[in-house]
Amino acid sequence: MKFLDFFVNQVLREPSIFLGIIVLLGMLFLKKKGTAVIVSTLKTIVGVRVLQIGTGLLVSASKPMLSMLVARFGLEGRIADPWTGVGEGLERMADVPLAGQIGMILLLAWLLHLLLSRITPLKVVYLTGHVAFTDTVLVTFFVFALTGWSDWRAVLFAVVLLAIYWWLFPALMIKPLKKLVGDDNITIGHNMAVVGWFAMMIAKITGDPKNDTEKLEFPGWLSIMKDSVISYSVIMAFLYTLIGILSGPTAAAEFTGGKNYILFSFMQGIDIAVGVTILLLGVRMFLAELLPAFQGFAKIVVPGAVPAVDNPVFWTYAPQATLLGVIFTVLGMAVGVGLQIALGSAYITIPSVIPIFFGGCTLGAFASKYGGIRGTIIATFLLGIVQVFGAVWLSQVVGFNIAAGGHIDYCTYWPALLSVLKVFFK
């Protein structure tokens, strides 16, 4: 039991080790030489750690900028952040047995999703361990909030809901994602597997794939923007400097550590470019090891399975689309919050940097191959508005006091499903 507890609560929550184990097993199943096994395993672990450092920098650079705006304009409402939801969910379940069964629920759901992949034509292996953990806490809390159960019924219900979510929707995204990833055999393993399809369809209806985002021509000296490092540096430094100016020195003082608030804001934008550069390096490193090794893993465990991986992997296929996606997601969310204020909404959604950045970039990449520049812009803008209203919808359905939906599936698929299920548990 101690080993099981260690595996569930330590290994599964550490993406670099978890993916390293998958590559290790895959290389062993392929009967590779010992040195090749060690090299691939270590490169995978290092690559994922590089990715984590890059994503951590994105979050740490963005949080104070969001906090400045909240402090300046006195926004109150529900925080659309997955980890805020995890924290509130665990706190609300602290007095019931479910809080101590999160690891068991995660493992059982993951094994059930493997079984579904093994016995059906839809074959995936969900590899985004840290996202699986947040899903497990949130969905377990949803079941508790909806039914009042805290016994084996709640465990079984949560396991089934999670297993289907990790198996069905990533599998259904395999074919649509081929336009983006080409011959690479991967699918999305994140909380965008449902709405990712809608992003593609909105883009397809509103845009033209012939106007490829990656062939976007900038006039004159702006041609330097085709370099992703330069484009992220210029746009994010400008955007964050603008946020700093709007926030003003008084609201910013709490977050700048004594630095000039405009210079601080500018450097936070530059740090975004640094984070993206590091992140993409890590993705290229671990993906080069994971894809061939995974074939060995799948051959034994789930023959013909496709790995469902974290969303930054998809940014490398359309870097300019990811930039458009995050910009117009921010604009869409700003419009959504403005509409909430204008309509007198009981709660205002306070967007978090995690769904803004990771959602905007990913949905932008997904939309790009179906709708080109215009389709990417329209899809991410509209979904930014949807995300704002859907976040509060989830908080009302499950009774969150602080949190709201984080990533976009938690602002659409989950509140819709829970609203239907709620009818049966009144």
Practice item. Please identify which residues in the stretch 235-250 have an amide N closer than 19 Å to a label point set 7 Å out from the Cα of Asn260, following the Cα→Cβ vector. Key: 237-250
Check your understanding: Using a simple spin-label model with points 7 Å from Cα along the Cα→Cβ vector, what separation in nm is obtained for Phe238 and Ile300?
Key -> 5.3
Study note, to complete from the structure: Extension length gain for Asp184 and Lys31 (0.36 nm per residue less Cα distance), in nm, is 52.8 nm
Exercise for review: Between Ile164 and Thr147, with labels modelled 7 Å along Cα→Cβ, what's the label distance in nm to one decimal, could you check?
Suggested key: 1.2
Exercise for review: Apply 1/(1 + (r/R0)^6) to the Cβ-Cβ distance of Ile205 and Ile38, taking R0 = 51 Å, and write down the FRET efficiency to the nearest 0.05.
Suggested key: 0.55
Review point. According to a simple spin-label model (label point 7 Å from Cα along Cα-to-Cβ), what is the distance in nm between Leu343 and Arg118?
Key: 4.7
Study note, to complete from the structure: Distance in Å, no decimals, from the C-alpha centre of the stretch 374-426 to the one of the stretch 158-217 is 18
Point to revise | FRET efficiency estimate (nearest 0.05) - Cβ-Cβ, Glu214 to Thr250, R0 35 angstrom | key: 0.25
Check your understanding: Based on the Cβ-Cβ distance of Leu90 and Ile230, what FRET efficiency does E = 1/(1 + (r/R0)^6) give at R0 = 45 Å, to the nearest 0.05?
Key -> 0.60
Check your understanding: In the stretch 227-335, which trypsin sites (Lys or Arg not before Pro) are in a loop and have at most 13 other Cβ atoms within 10 Å, using DSSP for the loop call?
Key -> Lys259
Point to revise | Candidates per trypsin sites (Lys or Arg not before Pro) in the stretch 23-59, loop by DSSP, up to 14 other Cβ within 10 Å | key: Lys31, Lys33
Review point. Between Gln10 and Leu421, what length comes free when the chain is fully extended (0.36 nm per residue of separation minus the Cα-Cα distance, one decimal in nm)?
Key: 144.7 nm
Revision key, fill the gap. Mean separation of Cα contacts under 8 Å (at least 6 apart) over the residue count of the stretch 2-423, i.e. the relative contact order in percent, is 28
Review point. What longest range of the chain stays clear of loop-exposed GluC sites (Glu not before Pro) (DSSP non-H/G/I/E/B, at most 10 other C-beta within 10 angstrom)?
Key: 218-426
Practice item. Measure up Lys31/Lys299; Lys123/Lys175; Lys63/Lys369; Lys123/Lys422; Lys32/Lys178; Lys178/Lys210 against 19 Å on the Cα-Cα distance and list the ones that go over. Key: Lys63/Lys369; Lys123/Lys422; Lys32/Lys178
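Only the coordinates and a few stated rules stand behind these numbers; no lab work does. What you see is a predicted model; the values in this text were computed from it and never measured. Positions of Cβ are backbone-derived with ideal geometry, glycine not excepted, and every protein chain shown enters the neighbour counts.
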